[in-house]
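Please treat every number below as a calculation from the coordinates, not as lab data. Computed from a predicted model, the values in this text were never measured in an experiment. Counting neighbours? That spans all protein chains shown, and the Cβs are built from the backbone with ideal geometry, glycine included.
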Amino acid sequence: TNWITRDRAHIWHPYTQMKTADAPIAIVAGKGAELYDETGKVYIDAVASWWTNIHGHAHPYMAEKLAEQARKLEHVIFAGFTHPSAIELAERLLPLLPAGQSKVFFSDNGSTAVEVGIKMAIQYFYNQGIARKKIIAFDLAYHGDTFGTMSVGGDLSFYHAFQDFLYQVERIPTPIPGQEAACLQALEAHLQKGDVAAFVFEPLVLGAGGMLMYPPDVLDQLMALCKKHGALCIADEVMTGFGRTGKLFATLHCQEKPDIIALSKGLTGGMLPMALTTCTEAVYQAFYSDDKMKALFHGHSFTGNPLGCAVALASLDLLLAEETQRNIQRIVQRQADFMAKIKGHPLLEDCRQTGTILALEFKTDKQSGYFNNLRDRLYRFFLQRGLILRPLGNVVYVLPPYCITDPQLDQVYGAIEAALMGI
Ligand code: PMP
């Protein structure tokens, strides 16, 4: 079938189009935590395919619900029309979120879900004639690749070509250990000026920034400051949502409640691209008016797609099932046990865990004098052993589907220990 040659002839892949990159691997099937290439080689998907596949691959229940919906209604314009799967999804999802979330706005991917949240926050104040336009974000944040979300992202080198086109955002230090006070102080200094519309953040874990973690009490303090000064809190739960942190949503670890929440990835368990942004009734009310210009003018062709909604409902069924909840707690425990075992290894700069996410920061070349081209070498080392672990720089992280078995986890941990013996 020659998939690789045919792929190279016509396809432009994200992040890996450089000349030096390895050829893509053609995956032809998947089941549970496993993916299979064209030669039949098995890979354990230890990063849940960019953090989306919370129930693993090709789950028969989800596939069945998708087929059922496809036979009944595959799509309908969502402006002026609605359908049962969207309604049912909103009804079932909202009560699972931190208290106060009242409305659902559908879109297609994590970036747009965050972007919609930011547009909501800015127009919320605009519609009321209040002069608040400033957006605050962490300096190591990642919220997506559209212009709007690049703007609120950290100073990532791969965005430099677009620097002049990004809107201005106030960045505060990410509250990694030792920086909590500086972060809180910086946020309050901005808020005191009275012109901040919103603070947008990844709760508890900053994903693409390197799986950087901070505890719920810091987030509580950050959100409390925003409330005190009248700014909105936008929680980007695109990665942390749907059980990742050990609770259904990361912000459920907090006392304070966000005003706006962005969700995608685990929403459809990776089966279809869909996203949504939820908000409080107070936010919604600023748009609900006889004045047409107060509406949120944002929508995509596939907004509220019935297939996406049906799959999201199926994914929710599976997530809430006792077995999955047990699996999540099993993974949390196994990650903790493994971390305890390797903590303090001389080649590790740091180990950290939040719920089902384990991150191991390898010492870099300069620090250890040991690894060269660390990221690529680790990636290939794991791949050869049938493991998909895509390090973020020198950070190897394990973020598995909840159906991963203990023997599969043992294989992942074994390979990481082997990498620590020398690659
Ligand atoms: N926010 C967070 C926290 C993410 O991790 C990501 C994707 N890695 C996004 C937003 C963007 O989502 P998408 O890739 O679906 O646009």
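Observations on the structure shown:
- Length released on extending from ALA321 to LYS341, taking residue separation times 0.36 nm less the Cα-Cα span: 4.1 nm
- Label positions at LEU94 and PHE165, each projected 7 Å from the Cα along the C-beta direction, are separated by 3.7 nm.
- Largest mean-square fluctuation among PHE242, PHE162, PHE147, in a Gaussian network model of the chain whose springs join Cα atoms under 10 Å apart, belongs to PHE162.
- For CYS254, CYS351, order by how many other beta-carbon atoms lie within 10 Å, fewest first: CYS351, CYS254
- Most mobile of ASN305, ASN327, ASN127 in a GNM of the chain (Cα contacts under 10 Å): ASN127
- Surrounding net charge for ASN305, when Lys and Arg each add one and Asp and Glu each subtract one, Cβ distance under 9 Å: -2
- Between the stretch 83-131 and the stretch 7-40, the C-alpha centres lie 34 angstrom from each other.
- Simple spin-label estimate for ALA79 and LYS228 gives 4.3 nm between the two label positions (7 Å along the Cα-to-Cβ direction from each Cα).
- DSSP-defined beta bridges in the stretch 62-320 - what % are antiparallel, rounded to 5: 45 percent
- Taking a Cβ cut-off of under 15 Å around GLY355, the surrounding Lys, Arg, Asp and Glu residues balance to a net charge of +4, with basic ones at +1 and acidic ones at -1.
- Gyration tensor verdict on the stretch 148-307 (Cα atoms; rounded if a/c is under 1.5, prolate if a/b is larger than b/c, oblate otherwise): rounded
- For the stretch 208-329, size of Cβ-based charge dipole, Lys and Arg +1, Asp and Glu -1, in debye: 160 debye
- The GNM of the chain, with springs linking C-alpha atoms under 10 angstrom apart, assigns the highest mean-square fluctuation among LYS134, LYS265, LYS31 to LYS31.
- The stretch 348-365 and the stretch 216-282 have Cα centres lying 23 Å from one another.
- Neighbour-count ranking [beta-carbon atoms within 10 angstrom, fewest first] of SER315, SER289, SER157: SER157, SER289, SER315
- Going from the residue with the fewest nearby Cβ atoms within 10 Å to the one with the most, SER107, SER85 rank SER85, SER107.
- The label point for ASP350 and the one for ALA21, both projected 7 Å from the Cα toward the Cβ, are 2.8 nm apart.
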